[in-house]
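The values are calculated or read from the model by the stated rules, or taken from the named source; none is laboratory data. All figures in this text were calculated on a predicted structure; none of them were measured in a lab. Backbone-built Cβ (ideal geometry, glycine too); neighbour counts: all protein chains shown. With ligands, DNA and RNA removed, areas are computed over all heavy atoms of the protein, side chains included. Shrake-Rupley method; radii C 1.70, N 1.55, O 1.52, S 1.80 Å.
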Amino acid sequence: MPKKPIKLPENIEYLSILDENAKVDKELEPKLSADDLKTMYRYMVLARRGDERMLNLQRQGRIGTFPQSSGHEAVSMGSVYALEKSDWHVPAYREFAGMLYRGWPLETMFLYWGGFEEGAVPPEGVNDLPICVPVGSQLLHAAGIGMAMRFKEEKKVVLTYFGDGSSSEGDFHEALNFASVFNAPVVFVCQNNQYAISVPLARQMKCETIAQRAVSYGMPGVKVDGNDVLAMYAATAAAVERARAGGGPTLIEGLTYRMTPHTTSDDPKRYRSEEEMKQWANKDSLIRFARYLEDKGVLDGDARKKLHEEIDEEIKAAVKRFEEQAQSEELLNPLRMFDYLYADTPPDLDEQREELKRFLAKKGKLPASEAGKEQAHTGRERG
Amino acid sequence: MAIEFKLPDLGEGIHEAEILEVKVKVGDQVKEDQPIFEVETDKAVVEIPCPVAGRVEQILVKKGDTVKVGTVMITFAGAAPAAPEKPAAAEAARAPEEKRPAPAAPERQAVPVQARAGEGPVPATPATRRLARELGVDLRQVPGSGPAGRVLADDVRAFAGRGAGGREEAPRRFAEREPAEPFTPQPITAEPAELPRFERWGQVERVPLRSLRRKIALSMTQSWTHIPRVSSFDEADITLLESLRQKHETQFLKNGGKLTLTVFALKAVVAALQQFPQFNSSLDESTGEIVLKHYYNIGVAVATNRGLIVPVVKDVNKKGIGALAAELQEMAQKTRDGKVELERLQGGTFTITNIGPIGGTGMVPMVNFPEAAILGMARSAQKPVVRNGAIEVRWILPLAISFDHRICDGAEAARFLRHVAELLEDPLQLLVEV
Ligand SMILES: Cc1ncc(C[n+]2csc(CCOP(=O)(O)OP(=O)(O)O)c2C)c(N)n1
């Protein structure tokens with residue numbers, strides 16, 4: 001018979017376990033201990049409150065522009081919780097909850113958005129890549145790490161994130177193709193918040209789901225309620241397990257909503273209706289998760305209140321530590337702007353650095369730490 | 001001490017904001033993060049939360065005001081500076097200028113007319129800095145005509161054109177002829193050789209190999225790597241030819257052509273090529289065949305200020321001395337003016353390079369790939385030579401041939417060169433033979 005349908009191996013499923021009314025599907029409910037659940041909730045709240053506090057810091061001129069993460073906590077937290085500590089976490093820029101859980105101190109995140117390179121340095125022993133702003137590029141890094149894990153025969157899994165908009169970029173397709181061809185242990189998680197800045201999903205792609213793009217790369221794809229931290233956990237745990245066992249990559253689409261502007265310079269009222277924003281506010285992952293924890297007897301109202309207070313204190317202390325560092329002579333040294341750009345600083349940059357140094361010295365503003373340093377940056381051999 | 005709060009950059013690079021609402025009054029006790037203003041930037045309407053806890057001492061803006069970033073909006077008394085007195089990162093870098101008590105603006109505007117004092121960083125974009133480096137211009141000397149005294153690329157070019165003293169013409173440097181086109185480094189061979197880091201021993205300048213220079217580099221690399229080249233030398237006694245040439249020079253000039261040695265060499269070479277056809281061929285490396293050409297198109301190397309170009313005189317065997325003289329002159333002029341037609345740069349079978357007018361007692365020319373050989377002519381001069389046992393003063397022209405040793409051998413090359421020399425020595429023979 002010359003013409004017949006080709007059977008494709010993958011079906012795209014939708015997964016929801018804890019719905020917006022906090023009703024849980026008992027059959028699908030993942031087996032997580034009370035401590036697990038409390039930890040997940042804690043980092044989600046820490047990210048939410050931290051995000052709100054950062055907005056204030058930005059409005060007060062204490063940090064720079066940053067992309068807010070409120071609304072993205074469940075996708076991040078549910079998925080990252082399926083990792084072992086030694087696995088790899090490769091975030092984009094809205095995985096605040098996941099990064100905090102992985103061990104990034106709050107003040108490091110403040111430093112990052114305050115414009116200090118120190119904010120991009122992962123803490124000792126944390127297998128994370130720093131925040132990645134060039135949209136989609138982190139997926140290639142993740143695919144590369146996954147391939148490396150295969151070559152080195154290490155049983156570590158890579159978990160990486162991207163936005164719906166990123167899935168229209170070449171990087172996304174290249175990363176998925178390589179990961180699948182090389183059977184790399186990578187879990188690709190889409191923070192589908194339905195907008196790439198002001199461009200709605202319908203103007204980004206014509207297919208029904210992002211998850212179905214997995215079919216073209218011969219990997220499983222699943223669409224998940226991204227405001228349901230349990231479903232995100234369950235879907236990712238399955239993908240991580242498969243990847244670790246040599247089963248290759250998975251694409252997970254978490255459907256959620258950005259509850260804030262795209263960044264602190266954006267005005268979403270110009271492209272989203274109040275009505276839509278309100279609707280999604282009701283689906284907030286934190287509300288339903290808190291009710292679930294209460295219903296389960298894991299965390300009642302009082303305990304929750306106490307936790308929130310603790311978290312606010314924690315944030316306050318982190319802001320203080322951040323500002324001490326940001327005000328330190330070392331970090332305020334304007335000469336640092338020349339550091340970390342090149343492995344070998346080109347001579348013209350060295351020249352500019354020396355020029356600025358002379359200028360600062362003349363104005364009596366040369367940091368004491370620089371005074372003794374003699375051209376530490378020049379004369380380096382090419383490695 | 002009162003704590004001041006200045007309007008921060010609320011978006012990415014906004015300059016000002018309009019005050020929509022002031023949410024506190026003088027004397028109010030405020031908490032950190034309590035909303036104090038609502039403002040509108042060109043990006044969005046935003047609320048400004050209070051940076052400290054304390055009492056409002058002064059409010060320096062009112063509803064409807066348009067406020068520039070950095071303007072003090074409000075001051076607080078009795079406040080613990082939970083927030084830094086200065087916003088952190090971005091502003092620290094600008095601090096030196098801005099902390100001065102007097103407004104900086106008028107001072108800055110004075111900068112454009114004068115070249116600056118020479119100690120501070122000069123505002124200029126990286127591309128302009130690079131251009132300055134390429135032109136050997138000291139940026140500090142250049143008056144900037146851009147906003148806030150920024151030095152623009154045109155300022156640098158104008159300055160370079162004026163010369164460092166401001167009056168005389170600056171010496172034109174290689175890089176200056178082709179300024180600041182974007183350049184992507186590209187190797188010129190498949191396996192580029194490693195270089196040391198020259199900057200270790202002093203300042204260096206990197207000049208991109210552009211267009212013609214690059215083409216020359218590529219074709220010379222090709223010639224050098226593909227053609228096992230051998231050279232051979234001879235000289236021709238052109239005393240007779242010289243007297244003939246000088247006698248008829250004016251007459252030829254009238255007909256539009258300069259009667260140069262090259263014109264005669266064209267004829268002599270074609271005669272020699274007809275006798276030694278392997279010098280008018282190419283080796284096809286892919287098939288292992290010699291491609292003999294039954295046409296005689298002779299390239300003549302022309303030095304231009306952009307580099308070496310080799311236009312081709314077609315069918316030299318079919319043209320007379322007068323026609324060749326005229327064509328050669330017209331072609332060389334067009335080539336120097338950069339107006340030679342593309343088709344006249346192709347299809348050569350052999351090349352002549354005459355460095356005589358510039359000088360040199362001899363040369364080892366490079367074969368013009370994919371040809372088989374090239375004739376080099378150095379400077380002809382009067383020399384004492386022994387003739388019939390006596391010393392005589394004669395016009396001597398040094399000649400050289402370089403050839404592809406895969407196709408031709410040394411003995412043939414020596415004969416070829418001798419043949420050319422004999423024809424140049426005996427103009428009558430030249431007329432008879434060709
Ligand atoms: C390579 C690249 N192009 C453009 C941008 C500017 N940019 C920043 S965020 C963004 C939209 C990304 O949308 P999406 O992937 O849906 O992620 P979201 O911000 O919604 O989380 C763009 C275009 C960028 N950061 N990197």
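Points to keep in mind about this one:
- Within chain B, helix-based [θ] at 222 nm, where runs of 4 or more DSSP H residues each add -39,500 (n - 2.57), nearest 500: -8500 deg cm²/dmol
- Per-residue packing, averaged as other Cβ atoms within 10 Å, sorts the ranges A:55-63, A:42-50, A:226-234, A:272-280 into the order A:226-234, A:55-63, A:42-50, A:272-280, beginning with the highest.
- Among A:MET99, B:THR260, B:MET73 the positive-end extreme of the charge dipole of the protein assembly as shown (Cβ point charges): B:THR260
- Within the protein assembly as shown: Cβ-based charge dipole about Cα centre, in debye rounded to nearest 20 (Lys, Arg +1; Asp, Glu -1): 2160
- Global form of the range A:1-50, assessed from the alpha-carbon gyration tensor, a/c cut-off 1.5: prolate
- Within a Gaussian network of chain A (alpha carbon springs, distance under 10 Å), most fluctuating of A:GLY221, A:GLY301, A:GLY115: A:GLY301
- Debye-sum result for chain B in log10 I(q)/I(0), which assumes one identical scatterer on each alpha carbon, at q = 0.08, 0.09, 0.14 Å⁻¹: -0.68, -0.76, -1.23
- Centre separation in Å (Cα based) which lies between the range A:106-185 and the range B:10-75: 39
- List of the range A:264-305 residues, accessible area with partners at least 20 Å² below that of the chain alone (1.4 Å probe): A:SER265, A:ASP267, A:ARG270
- Distance from the range A:210-286 to the range A:1-51 (C-alpha centre basis), Å: 9
- Inter-chain neighbour count for B:68-79: the average number of beta-carbon atoms from partner chains within 10 Å of each residue's beta-carbon is 0.
- Relative contact order of chain A: 21 percent, from C-alpha pairs under 8 Å at least 6 residues apart in sequence.
- Farthest positive-ward along chain B dipole, Cα basis, beta-carbon charges - from B:ALA413, B:GLY322, B:ALA303: B:GLY322
- Between B:THR287, B:PHE183, B:ALA372, the Cα set farthest toward the positive side of the dipole of chain B (charges on each charged residue's Cβ, about the Cα centre) is that of B:ALA372.
- Shape call, the protein assembly as shown: gyration tensor on alpha carbons, a/c limit 1.5: prolate
- Out-of-range pairs (alpha-carbon distance over 26 Å; input A:LYS7/A:LYS155; A:LYS23/A:LYS223; A:LYS278/A:LYS316; A:LYS31/A:LYS316): A:LYS7/A:LYS155; A:LYS278/A:LYS316; A:LYS31/A:LYS316
- The stretch between B:LEU428 and B:HIS405 holds 5.1 nm of extra length on full extension. This uses 0.36 nm per residue minus the Cα-Cα distance.
- Cα-based shape type of the range A:287-360, given that a ≥ b ≥ c are square roots of the gyration tensor eigenvalues and the cut on a/c is 1.5: prolate
- Accessible area (Å², per residue) of chain A, counting only protein heavy atoms and a probe of 1.4 Å: 46
- Residues A:SER216, B:SER402, ordered by accessible area of protein heavy atoms at a 1.4 angstrom probe radius and largest first, appear as A:SER216, B:SER402.
- Charge dipole of the range B:214-433 (Cα centre as origin; +1 on each Lys and Arg Cβ, -1 on each Asp and Glu Cβ, all else neutral): 720 debye, rounded to the nearest 20.
- Computed about the Cα centre, the dipole magnitude for the range A:166-281 is approximately 80 debye when only Lys and Arg (+1) and Asp and Glu (-1) carry charge, each at its Cβ.
- Candidate residues A:CYS207, A:CYS190: accessible-area rank, largest first, probe 1.4 Å: A:CYS207, A:CYS190
- Dividing the mean sequence gap of close Cα pairs (under 8 Å, 6+ apart) by how many residues chain B holds gives a relative contact order of 12 percent.
- Straight-line reach from B:LYS63: taking Cα to Cα under 22 Å and skipping same-chain neighbours fewer than 8 places apart, the lysines in range are B:LYS6, B:LYS23, B:LYS25, B:LYS31, B:LYS43.
- Multiplying the residue separation of B:GLU40 and B:GLN203 by 0.36 nm and removing their Cα-Cα distance gives an extension gain of 53.6 nm.
- When all protein chains stay in place and ligands, DNA and RNA are ignored, the 1.4 Å accessible-area order of B:ARG387, A:ARG203, B:ARG379, B:ARG344, largest first, is A:ARG203, B:ARG379, B:ARG387, B:ARG344.
- For B:ILE36, the residues whose amide H sits under 5 Å from its own are B:ILE48, B:CYS50, ignoring neighbours fewer than 5 places away on the same chain, with H placed 1.01 Å from N.
- Scanning chain B for long hydrophobic helices, with DSSP H runs required to stretch 18 angstrom or more by C-alpha along their axis and to average at least -0.5 on the Kyte-Doolittle scale, returns B:261-275, B:321-336, B:410-425.
- With a Förster radius of 41 Å applied to the beta-carbon distance between A:ASP348 and B:THR71, the computed FRET efficiency rounds to 0.70.
- Here the contact order of the range A:137-220, divided by its residue count and restricted to Cα pairs under 8 Å and six or more residues apart, works out to 34 percent.
- Reachable lysines from B:LYS334, criterion Cα separation under 18 angstrom, eight or more residues apart if same chain: B:LYS258, B:LYS314
- Phi to ³J(HN,Hα) by Karplus 6.51 cos²θ - 1.76 cosθ + 1.60 over the range B:285-296, Hz, x for Gly, Pro: 5, 7, 10, x, 10, 8, 9, 8, 9, 9, 9, 10
- Interchain or long-range residues, amide H under 5 Å from B:LYS6's placed H: B:MET73
- Surface calculation, 1.4 Å probe, protein heavy atoms: A:TYR101 sits at approximately 60 Å² accessible.
- The A-B contact accounts for roughly 3200 square angstrom of buried accessible surface, both chains included, probe 1.4 angstrom.
- Within the accessible area of chain A, the carbon and sulfur atoms contribute 52%, probe 1.4 Å, all protein chains present.
- 1.4 Å probe accessible area per residue over chain B, in Å²: 55
- On chain B, 54 percent of the accessible area sits on carbon and sulfur atoms, based on a 1.4 Å probe.
- Positions from the range A:54-99 whose accessible area shrinks by 10 Å² or more when the full protein complex is built, not the chain alone, probe 1.4 Å: A:ASN56, A:GLN58, A:ARG59, A:GLN60, A:GLY61, A:ARG62, A:THR65
- If the chain linking A:THR65 and A:ALA361 were pulled fully straight, counting 0.36 nm for each residue of separation and taking away their Cα-Cα distance, it would gain 103.4 nm.
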